Amino acid sequence: MPSNSLRTVIARVRWAGSRAIVALLAAIVAVAGSFAVSGRTPSFVVAPVDAFVVTTTPAIVLTFAIEQLGRLGETLASLVAVALTIGLFAVVAQFALVGGKTLSSRLPIPAWVGQPAVVGAAMALLALLLVGDVASAVGTAVPAAMLVALASGRSGGSVSAAGVDASRRQLLALTGGAFGFGIVSYAIGSRRSSGLERDLETDLEADATALSKQAADMELAVDGIPGLVSESSAFFTVDINNIDPVITADDWTLTVTGEVDSDYTLTYDDLVTGDVRTGYNTLRCVGEQLNADLLDNAVWTAVPVAPLLERAGPGGGCECVRVQAADGYFQQFPLAAMERGYLAFGMNGTALPRAHGHPVRLLIPGHWGEINVKWVTEFEVLEEEVDGYWEERGWHGTGPVNTIAKLWTTNEFDDGRVQVGGHAYAGTRGIETVEVSTDGGDSWTTAELSEAFDPADVLGDRDAWRQWQYTWEPPAGDSEVVVRAIDGTGDIQPEEKSSPFPSGSSGWVRETVSV
Ligand SMILES: Nc1nc2c(c(=O)[nH]1)N[C@H]1C(S)=C(S)[C@@H](COP(=O)(O)O)O[C@H]1N2
Ligand SMILES: [Mo]
């Protein structure tokens, strides 16, 4: 009977089509539910997929993303990770829908019970495999099961025995519902994940506040450039993963191991009762474009690394250490640099924010941002040198930072004068002078500089930026403004341009000013 078999085929296709849509919607609400429960933490089911995406992305693509895309690259990577996770859950949901139907036909339970139960269980199992977190797993299972239950066909008020067999109108309603649930989950999840940061001792906070005030008093009056101390929330972040580790101060330990006389493990309370210092320190990322702003300064609360290393009695053939972090990041660099480093647990008068390495990060004065390892967990003294995370990908990020004068703002005054300004930084060499040319580099004038911080207030001598400004009356037409810094050793910032990869951008910043 051809018409009958045709009907069967149509019915099959419809069931397959609506099943695929229901599986996709179930996956969307499952992932959203996990976010509502976990927020941006490693318990969110997207976290391991995100880490997988980052580690399997070829170095050349990563370099492009860092150099050319910056924040946008991070957002794209996040979206790819979310899409892949939803895809993974959808495939599993698809099998679970079929399995649920088969199960119902074998057992005396209706499909509209069997399918939601099996889909819910499958989502929970997948979440457990991915993140091993029961709350997150329940967060995926409940909304997915509910969605499948709602999708179970009801004709004329009676529940269809066939299970998922949604009409087009029903599918539309479910799609709307799933996206609505996604938005609500996003809002709930975004509000979580704070509150794990400890209060700093009040006296440490007072020291930090005093240094912030002092910096504010030293600032030049220039519109459009950042202050001398960056707010923690505005301080740039660069991470290998889009989802930061969650480590409480009580859970944190640091192990000093490898080629040492005796290993030991330090707790947070051991650390903060050490030789605590408060001071300015500037970080700059090796991956930033010449005139970009992956450069910030904060007031850190920290203890020196040297006595902590000394306590273990470091040996080994290379005079070098590998530092490991909770996000799988690692760096290797000389003991000599480590011995001038700090372990920071406070930033601008509060506990170190999660984005900046809560509860403890390294600060290695004068070196590129990448060796300032966040969420630090282990120092391993080595016998032989090994590559760090970024060295494995072709970067040379462990050397001292390049000298840079940034031109971040141009202000035109009513009287016809023009002001240019920005920040300058040269690591532990310090900034001595900033010079400005308004004729393309033929002649140079000294710019006004913000007063240098007292080295006693800086973690790492002179390792803090300064502000500069220059105001003049330009002739009508175009002026080519060029800016360069001279560091504390008297070296002029090199003129030659180089791109960030592999050793950091350098060269003079040039800008055409037209009046
Ligand atoms: N554990 C860990 N530490 C890390 C990174 C990272 O991805 N993981 N990124 C590094 C890089 S490349 C830079 S530039 C600095 C940035 O520090 P910030 O995010 O606090 O500004 O952290 C460094 N420390
Ligand atoms: Mo970096």
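Of all complete DSSP H helices in the chain, those with a Cα span along the helix axis of 30 Å or greater and a mean Kyte-Doolittle hydropathy of 0.0 or more are 2-38, 71-106, 168-191. Using only the C-alpha atoms, the convex hull of the stretch 172-273 corresponds to 242 Å³ per residue.
In straight-distance terms, cross-link reach from K213 covers every one of the lysines whose alpha-carbon lies under 30 Å from its own, apart from those fewer than eight places away in the same chain; here that gives K374, K406.
Applying a 4.7 Å Cβ-Cβ cutoff to the chain, the cysteines left without a disulfide-compatible partner are C285.
What's the Cα-based Rg to Rh of the stretch 443-515, Rh via Kirkwood?
Numbers: Rg = 15.3 Å, Rh = 14.9 Å.
When Rh is taken as the Kirkwood radius, the ratio is 1.03.
Across the options S38, I492, Y389, the greatest Cα extent toward the positive end of the charge dipole of the chain (unit charges at beta carbon of Lys, Arg, Asp, Glu) belongs to S38.
As a size descriptor, the averaged projected area of the C-alpha convex hull of the stretch 357-450 was calculated at 10.2 nm². Normalising the Debye intensity of the chain to I(0), with uniform scatterers on Cα atoms only, and taking log10 at q = 0.13 Å⁻¹ returns -1.18. Exposed loop sites, defined as GluC sites (Glu not before Pro) outside DSSP H, G, I, E and B with at most 10 other Cβ atoms within 10 Å, are absent from the longest region of the chain, namely 1-383.
For the stretch 4-191, the alpha carbon convex hull comes to 142 Å³ per residue, rounded to a whole number. Accessible surface for V134 stands near 100 Å², nearest 10, in the context of the full protein assembly shown (1.4 Å probe). Here the dipole of the chain is about 4740 debye; that uses its Cα centre as origin and unit charges on the Cβ of Lys and Arg (positive) and Asp and Glu (negative). Modelled label positions at A355 and I492, each set 7 Å beyond Cα in the direction of Cβ, lie 3.9 nm from each other.
With R₀ set to 35 Å, the beta-carbon distance separating T471 from H396 gives a calculated FRET efficiency near 0.40. Beta bridges assigned by DSSP with both partners in the chain are antiparallel in approximately 90 percent of cases. Note on V91 and D454: their simple-model spin labels are 6.3 nm apart, each label 7 Å out from Cα toward Cβ.
Computed over the stretch 363-515, the P(r) curve from all C-alpha pair distances, binned at 5 Å from the origin, holds 2, 9, 15, 18, 16, 13, 11, 7, 4, 3, 1, 1, 0, 0 percent per bin. Taking 0.36 nm per residue of separation and subtracting the current Cα-Cα distance, fully stretching the chain between E384 and I60 would add 113.9 nm.
For the stretch 365-439, applying the loop criterion from DSSP together with a ceiling of 10 other beta carbons within 10 Å to the chymotrypsin sites (Phe, Trp or Tyr not before Pro) yields F413.
A Förster radius of 22 Å, combined with the Cβ-Cβ distance separating L107 from R169, puts the computed FRET efficiency at roughly 0.10. Extension gain, F179 to V80, is 33.8 nm, computed as 0.36 nm per intervening residue step minus the present C-alpha separation. Close amide H partners of F333, meaning residues 5 or more places away or on another chain with modelled amide H under 5 Å apart, are V321, V323.
Give me D for the stretch 217-261 in µm² s⁻¹, whole number, from Stokes-Einstein with Rh from the Kirkwood sum over alpha-carbon pairs, 20 °C and 1.002 mPa s. The calculation lands on 138 µm²/s. From its DSSP helices (H runs of at least four residues, each -39,500 (n - 2.57)), the chain gives a residue-normalised ellipticity at 222 nm of -12000 deg cm²/dmol.
Stretched out fully, how many nm does the piece from E319 to T445 gain, at 0.36 nm a residue minus the Cα gap?
Details: separation 126, 0.36 × 126 = 45.36 nm, distance 4.41 nm.
The E319-T445 span can extend by a further 40.9 nm.
Under the simplified labelling scheme, the E480-D270 pair shows an inter-label distance of 5.9 nm, with each label point 7 Å from Cα along Cα→Cβ.
The values are calculated or read from the model by the stated rules, or taken from the named source; none is laboratory data. In this text the structure is predicted, and so the values were computed from the model without any measurement. Virtual Cβ from ideal backbone geometry, glycine too; neighbours counted across all protein chains shown. Heavy atoms of the whole protein, side chains included, go into the accessibility calculation; ligands, DNA and RNA do not. Shrake-Rupley method; radii C 1.70, N 1.55, O 1.52, S 1.80 Å.
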